[in-house]
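Working notes for the structure below.
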Amino acid sequence: MKPLKIVFITIILMVFSYQACQADQITDAIKSLQKAYPKFIWQKDTAVVVDINADGINDIAVLGYSADKAAVGIVSGAPLTSFKTKILDFNRGRDTQRGMCGKTAKLIIEKTSEAPKEALGEYPEGYRICDNCYEISVEDGLCDPMTIYWNYKTNELDWWRA
């Protein structure tokens, strides 16, 4: 009975240690985004961890807001001593193709799929479906979500919307 108890306690400690490490990475990622893109107020509660470019290293995505723009910031390669930051920004509070209808949104991680081909009739440039390929859906609850993915042709973030 004691060995099982020790294994259980060890697993719990490992989970808490991982969560604390991930929280530190998110905090560091937000600091990096604030330094690189001070126009936006980065929202820690929106942060998600995903390997967006399928390089085997987790990246952190966070929503940020300014008066008229919303942005999804991606901090690549965390944990590293020097983060690589990228953003895609969108109009805020406007019903346009490159805009969020609502004032706030949430980020949802999804595996890449046939969805863009079904919605658009073709895949966006550089879009790839694979076991390790993910995209981030930006959902504001008012209009169709915008989907951010890694464009394997340009090696940059890109997006599509139905």
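Data overview
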| quantity | calculated |
| --- | --- |
| Residues being surrounded by 14 or more Cβ atoms within 10 Å (Cβ to Cβ) and acidic (Asp, Glu) - total across segment 96-127 | 1 |
| Every pair of residues 6+ apart whose Cβ atoms lie under 7 Å, when the first sits in segment 138-153 and is of a type in the set (Lys, Arg) while the second is modelled with pLDDT of 95 or more and in a loop (DSSP other than H, G, I, E, B) | LYS153/GLU125; LYS153/GLY126 |
| Test: residue in segment 112-133 that is closer than 21 Å to GLN43 by Cα and in contact (Cβ under 8 Å) with a residue 60 or more places away in the chain | no |
| Enumeration of residues in segment 51-73 that are crowded, with 20+ Cβ neighbours inside 10 Å and more than 22 Å from THR96 (Cα to Cα) | ILE52, ASN53, ASP59, ILE60, ALA61 |
| Search result, residues across segment 129-162 that are of a type in the set (Lys, Arg) and either under 17 Å from the mean Cα position of the chain (by Cα) or part of a strand (DSSP E or B) (or both) | ARG161 |
| Test: residue in segment 132-145 that is β-branched (Val, Ile, Thr) and surrounded by 14 or more Cβ atoms within 10 Å (Cβ to Cβ) | yes |
| Out of LYS31, LYS84, sole residue that is over 21 Å from GLU156 (Cα atoms) and under 17 Å from the mean Cα position of the chain (by Cα) | LYS31 |
| Among residues of segment 34-55, those that are out of contact with any Lys or Arg (no Cβ under 9 Å at 6 or more places or on another chain), touching a residue at least 60 places away in the same chain (Cβ under 8 Å) and outside any strand (DSSP E or B), counted | 3 |
| Those residues of segment 115-139 which are in contact with a Ser or Thr (Cβ under 7 Å, 6 or more places away or on another chain) and among the charged types (D, E, K, R), in sequence order | ARG128, GLU135 |
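The values are calculated or read from the model by the stated rules, or taken from the named source; none is laboratory data. Since the model is a prediction, treat every value here as computed from it, not as a measurement. We place every Cβ from the backbone using ideal geometry, glycine too, and count neighbours over all the protein chains shown.
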